[in-house]
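The structure under discussion appears below in the form of structure tokens.
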Amino acid sequence: MKVEYGKGGLVQLKPRTGTAEAGGGRTMKVMLVFPPDWYPSEPYLSLPTLTCVLRAAGHQVVQKDVNLEMYDWYFSGDFLNRIVLKRVPPMLDRLRKASRSRSLSDAEQALQLSLVGLTRSRIAELTEKAERAKAIVRGPEFYDAEKLEWAITTFREVTETISLVYAPARICMPPMETDLSYKIFISSEVLDAIEDQQVNVYRDVFEHILKPAIEAERPDVIGISIVLQQQLFSTMTFCALIKRHFPHIHVTIGGNTVTRLRDVLPNKPQLFALFDSAVVYEGETAFLQLVEAVGAGRTLEGIPNLIYRDASGIQASSASYAEDMSSLPPPDFDGLPLEKYFTPDRILPYLATRGCYWGRCEFCDHGEGYTAGYRTKKIDEIIEEIRLLKTRYNCRHFHFTDESYPPALFRKLTRKLVETNMDIAWTTHMRFEKSLSDQEVWNDARASGCKFLHYGYESGNERVLKLMDKATTKEVIKRSLKLAADAGIWNHCMGFFGFPGETRQEAFDSVRFLEDNKDLVHSIGFGTFDLSKHTPVAKNPEKFGVTPYINPEWDLALDYYFTVKEGLSVEEAERVFEEFERNHYRGWDLKIFIREYIFLYIAHFGTSKLPALQFRPPEVDAGNLSGVGA
Ligand code: B12
Ligand code: SF4
């Protein structure tokens, strides 16, 4: 196995097999928590991945998708009456008192008016709509696009109403844009947000969802998984409140965001006071050793991938450990309430590889979660595990959450799924690959149930693709899109404007290429380039003519503002993006934009030609961008 020594001294450990006692301690009870905010359409893999290893070693695990339970609760009479309605009178009182000593701002007056309208009967009406919306996304009516659109709009209406009683916080789902009005990239603001009873909805989530569960289960260790940085607000709130109510429980955090903040966390004693340890990089072996050390009352010294607090301060382990994929068991979803996710048909994530086989794109930091390079399970193992998950969880829909599905494995997978008559529908993430340009593999893709491909398109200009080291060409992209589209697969293309050095003209080439091929491109996701802290561009800015501005007060920042020597500035890229948002091929504006929902639609209707999903029929296309940028 290839291991990068640069990310910490290497220790290759032999994975331990056997019972908890073999680890030198007692059997432990562990609660694993997936915190908000994340769209609740399918479980995320971190909890089931850790659970299978802990259970195999004989420990008890309680998996709590608090994010899912929170949304189930938001859209219920219990939350709307017990929390939302109750918060209205004290908020109106506060505004009334304030109005006696000063004149209210326009925003306060608007809030007051909206709160006055939040009566018992309005809450009753909202409760009925919210429950109906949940029933739609979880039942057969999901496949009626008008009804599904109504349900999504209702979720937004309900969260807008919830926002009123947590103002100035804005609670928004979907899209997942909840904003507590504190800055996530400043640790002192995160600490302030924890104590703010007005905006911090996660305090109520703790009180009504997590605290009762901890009281009932009485775990020895609680582990919280932070994938997106935004989940720091809920996580740190939970950590603080767990320590307040259950000081004897060892609390650890792990996940992608924790790995990305590994250089900062040891220097943040106030933040670190909220939990006991943090696992960075891959978590299986480190977490098992941590749980067993806590159980045996041993020191945490020597456990790989660990940052922890002891009597003399915060310590960071110098040892790192990379998992051997072939010795990891399949994910264990037992205990997650799979029927509660916001879909009518169960979707399960499955990961066959770790790291990206290509791993060279200059803007990409996907590999940051790993100390080792690309690894994969063997094809027969993959097929066996998919079969096991299909049977055990009665699940036909799979999301292969690999960073970028390797072409050789894609070929083997599609063939084997056909040969074994697996009868599943699946989606994954891909790079445009010349080596997948033959008809045969796409015949297999169709026959194996591949429905939706999520492509890193990035740019339609070959000079920019080269700058990015994307190693593909427009010809390869076009051919791949055509082969997949002809196989009935939905092509989703992700791209961005403003890669350092890209000119305005080149940015519009990206749009023009997609518009020229609009019959093959079913949906798109665009944005602007972010200078993320761990990307090759940020590590080697001179090579790209980039000057990053690192604000020392923004201590948790994971990306930076920057200027460029050549090409579009940050602001110019924003303007191109805004122009693109205003004026593009209308067939890409979808009523139902949630990717798992599109996947289920294609799997259900058996075709990627689904005009019912389009917001406005393309015939009334107001025009396209090709002319604008030229
Ligand atoms: C697959 C994937 C998705 C899938 C997830 C589907 C699903 N439900 O499983 C989809 C396509 C939906 C998705 C969406 C998004 N994603 Co995404 N995604 C990924 C990807 C490629 C793999 C994630 C994965 O499943 N990994 C496998 C699990 C097992 O690994 P893991 O989470 O790292 O967990 C391990 C360790 O971290 C650790 N660990 C984790 N938790 C814990 C907890 C404890 C207690 C311990 C001890 C250890 C531990 O142990 C685990 C096993 O080793 C990652 C990149 C990457 N390589 O991580 C990006 C990534 C996580 N996504 C990212 C982003 C930004 C998003 C979106 C916001 C993009 C967007 N704008 O739409 C959305 C958010 C979606 C939402 N629902 O709200 C970023 C997050 C960056 C950050 N930290 O802020 C990443 C890192 C990619 C990137 N660099 O941009 N994503
Ligand atoms: S952008 Fe995709 S293909 Fe490129 S290195 Fe990252 S994960 Fe791999």
- Inspect region 526-537 for any residue being assigned by TED's automatic domain parsing to the domain that holds residue 469, within 16 Å of ligand 2 (Cβ to nearest atom) and out of contact with any helix residue (DSSP H, G or I) (no Cβ under 9 Å at 6 or more places or on another chain) and give the result as yes or no. yes
- Query: Using beta carbons and a limit of 7 Å, which pairs, at least six apart or on different chains, have the first residue in region 400-415 and away from ligand 1 (no atom under 14 Å from the Cβ) and the second one small (Gly, Ala, Ser)?
  - Reply: 407/435; 409/352; 414/445; 414/448
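Report the residue count in region 580-604 for those that are among the aromatic types (Phe, Trp, Tyr) and within 18 Å of residue 519 (Cβ to Cβ). Step through it out loud before you land on a result.
Filtering region 580-604 for residues among the aromatic types (Phe, Trp, Tyr) gives 580, 585, 588, 593, 597, 599, 601.
Narrowing further to those that are within 18 Å of residue 519 (Cβ to Cβ): 585, 588.
Matching residues across region 580-604 total 2.
Here is a yes/no grid of residues against (1) under 21 Å from residue 406 (Cβ atoms); (2) surrounded by fewer than 24 Cβ atoms within 10 Å (Cβ to Cβ); (3) not small (Gly, Ala, Ser):
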position: 427; (1), (2), (3): yes, no, yes
position: 443; (1), (2), (3): yes, yes, yes
position: 459; (1), (2), (3): no, no, no
position: 462; (1), (2), (3): no, yes, yes
position: 467; (1), (2), (3): no, yes, yes
position: 473; (1), (2), (3): yes, yes, yes
position: 484; (1), (2), (3): yes, no, no
position: 488; (1), (2), (3): no, yes, no
position: 503; (1), (2), (3): no, yes, yes
- Message: Taking the conditions exactly as written (of a type outside the set (Phe, Trp, Tyr) and in contact with a Cys (Cβ under 7 Å, 6 or more places away or on another chain)), does residue 274 satisfy them or not?
- Response: yes
- Message: Just checking, does region 300-311 include any residue being surrounded by fewer than 22 Cβ atoms within 10 Å (Cβ to Cβ), out of contact with any helix residue (DSSP H, G or I) (no Cβ under 9 Å at 6 or more places or on another chain) and at pLDDT below 95?
- Response: yes
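Condition check ((1) of a type outside the set (A, V, I, L, M); (2) in contact with a Phe, Trp or Tyr (Cβ under 9 Å, 6 or more places away or on another chain)) across all residues:
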position: 112; (1), (2): yes, no
position: 120; (1), (2): yes, no
position: 137; (1), (2): no, yes
position: 142; (1), (2): yes, yes
position: 164; (1), (2): no, no
position: 181; (1), (2): yes, no
position: 213; (1), (2): no, no
position: 220; (1), (2): yes, no
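Tell me, yes or no, whether region 470-479 has at least one residue that is assigned by TED's automatic domain parsing to the domain that holds residue 608, in contact (Cβ under 8 Å) with a residue 60 or more places away in the chain, in a strand (DSSP E or B) and of a type in the set (Gly, Ala, Ser). Even if it seems obvious, please write down each step before you answer.
Pass one, region 470-479, residues assigned by TED's automatic domain parsing to the domain that holds residue 608: 470-479.
The next check asks that each one be in contact (Cβ under 8 Å) with a residue 60 or more places away in the chain; those that pass are 470-471.
Now narrow it down to the ones that are in a strand (DSSP E or B): none.
No, region 470-479 contains no residue that is assigned by TED's automatic domain parsing to the domain that holds residue 608, in contact (Cβ under 8 Å) with a residue 60 or more places away in the chain, in a strand (DSSP E or B) and of a type in the set (Gly, Ala, Ser).
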- Note on the structure: The condition from (1) in the same structural domain as residue 501 (by TED's automatic domain parsing); (2) closer than 26 Å to residue 228 by Cβ; (3) more than 16 Å from ligand 2 (Cβ to nearest atom) that residue 385 misses is numbered (2)
- Item | Residues (more than 16 Å from ligand 2 (Cβ to nearest atom) and assigned to a helix (DSSP H, G or I)) located in region 480-496 | 481, 482, 483, 484, 485, 486
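Taking residue 251, is it touching a helix residue (DSSP H, G or I) at 6+ places or on another chain (Cβ under 6 Å), without any contact (Cβ under 8 Å) to a residue 40 or more places away in the chain and of a type in the set (Val, Ile, Thr)?
Numbers: touching a helix residue (DSSP H, G or I) at 6+ places or on another chain (Cβ under 6 Å): yes; without any contact (Cβ under 8 Å) to a residue 40 or more places away in the chain: yes; of a type in the set (Val, Ile, Thr): yes.
For residue 251, the condition - touching a helix residue (DSSP H, G or I) at 6+ places or on another chain (Cβ under 6 Å), without any contact (Cβ under 8 Å) to a residue 40 or more places away in the chain and of a type in the set (Val, Ile, Thr) - is met.
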- Message: Scan region 325-346 and tell me whether some residue there is of a type in the set (D, E, K, R), part of a loop (DSSP other than H, G, I, E, B) and within 11 Å of ligand 1 (Cβ to nearest atom).
- Response: no
- Could you list, in sequence order, all residues of region 279-302 that are β-branched (Val, Ile, Thr) and more than 19 Å from residue 51 (Cβ to Cβ)? 280, 299
- Query: Which one is farthest from ligand 1 (Cβ to nearest atom), of the residues in region 361-389 that are within 16 Å of residue 327 (Cβ to Cβ) and among the basic types (Lys, Arg)?
  - Reply: 378
- Query: Checking residue 358 against (1) part of a loop (DSSP other than H, G, I, E, B); (2) away from ligand 1 (no atom under 15 Å from the Cβ), which single condition isn't satisfied?
  - Reply: (2)
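Residue 314 - would you say it is more than 15 Å from ligand 1 (Cβ to nearest atom), in contact with a strand residue (DSSP E or B) (Cβ under 7 Å, 6 or more places away or on another chain) and among the hydrophobic types (A, V, I, L, M, F, W, C)? Explain how you work it out, then say what you get.
Values: more than 15 Å from ligand 1 (Cβ to nearest atom): yes; in contact with a strand residue (DSSP E or B) (Cβ under 7 Å, 6 or more places away or on another chain): yes; among the hydrophobic types (A, V, I, L, M, F, W, C): yes.
Yes.
Among 265, 338, 290, which is the only one that is of a type outside the set (Val, Ile, Thr), in contact with a Phe, Trp or Tyr (Cβ under 9 Å, 6 or more places away or on another chain) and within 13 Å of residue 221 (Cβ to Cβ)?
Details: 265 fails: within 13 Å of residue 221 (Cβ to Cβ); 338 fails: within 13 Å of residue 221 (Cβ to Cβ).
Selected residue: 290, the only one of 265, 338, 290 that is of a type outside the set (Val, Ile, Thr), in contact with a Phe, Trp or Tyr (Cβ under 9 Å, 6 or more places away or on another chain) and within 13 Å of residue 221 (Cβ to Cβ).
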- Query: Of all residues in region 131-180, how many are within 22 Å of the chain's Cα centre (by Cα), assigned to a helix (DSSP H, G or I) and without any contact (Cβ under 8 Å) to a residue 12 or more places away in the chain?
  - Reply: 1
- Among the residues listed as 359, 313, 302, 297, the single one being among the small types (Gly, Ala, Ser), within 16 Å of ligand 2 (Cβ to nearest atom) and over 29 Å from residue 134 (Cα atoms): 359
- Pair list, Cβ < 6 Å and 6+ apart or interchain, from region 283-306 residues that are touching a residue at least 12 places away in the same chain (Cβ under 8 Å) to residues that are charged (D, E, K, R) and not in a helix (DSSP H, G or I): 284/323; 295/26
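Restrict the check to region 259-269 and report whether at least one residue is among the β-branched types (Val, Ile, Thr), touching an Asp or Glu at 6+ places or on another chain (Cβ under 8 Å) and closer than 19 Å to residue 290 by Cβ. Write out each step before concluding.
Within region 259-269, the first condition is being among the β-branched types (Val, Ile, Thr), and the residues that meet it are 259, 264.
Filter again for touching an Asp or Glu at 6+ places or on another chain (Cβ under 8 Å), leaving 259, 264.
Next, only the ones that are closer than 19 Å to residue 290 by Cβ stay: 259.
Taking every residue of region 259-269 in turn, at least one turns out to be among the β-branched types (Val, Ile, Thr), touching an Asp or Glu at 6+ places or on another chain (Cβ under 8 Å) and closer than 19 Å to residue 290 by Cβ.
Condition check ((1) of a type in the set (Ser, Thr, Tyr); (2) over 29 Å from residue 206 (Cβ atoms); (3) at pLDDT 60 or above; (4) within 31 Å of the chain's Cα centre (by Cα)) across all residues:
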site	(1), (2), (3), (4)
8	no, yes, no, yes
16	no, yes, no, yes
19	yes, yes, yes, no
22	no, yes, yes, no
26	no, no, yes, no
29	no, no, yes, yes
36	no, no, yes, yes
42	no, no, yes, yes
- Verdict on residue 409 being in contact with a helix residue (DSSP H, G or I) (Cβ under 9 Å, 6 or more places away or on another chain), within 16 Å of ligand 2 (Cβ to nearest atom) and assigned to a helix (DSSP H, G or I): yes
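How about region 317-327: which of its residues are in contact with a strand residue (DSSP E or B) (Cβ under 9 Å, 6 or more places away or on another chain) and not aromatic (Phe, Trp, Tyr)? I'd like the intermediate steps shown before the answer.
So in region 317-327, the residues in contact with a strand residue (DSSP E or B) (Cβ under 9 Å, 6 or more places away or on another chain) come out as 317-326.
Passing the criteria: 317, 318, 319, 320, 322, 323, 324, 325, 326.
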- Task: Scan region 431-459 and report the pairs whose first residue is within 13 Å of ligand 2 (Cβ to nearest atom) and polar (S, T, N, Q) and whose second residue is part of a helix (DSSP H, G or I) and modelled with pLDDT of 95 or more, with Cβ atoms within less than 6 Å and a gap of 6+ or a chain change.
- Result: 459/465; 459/510
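The values are calculated or read from the model by the stated rules, or taken from the named source; none is laboratory data. Just so we're clear, the structure is a prediction, and the values are computed from it rather than from any experiment. All Cβ positions, glycine included, derive from the backbone under ideal geometry; neighbour counts span all protein chains shown.
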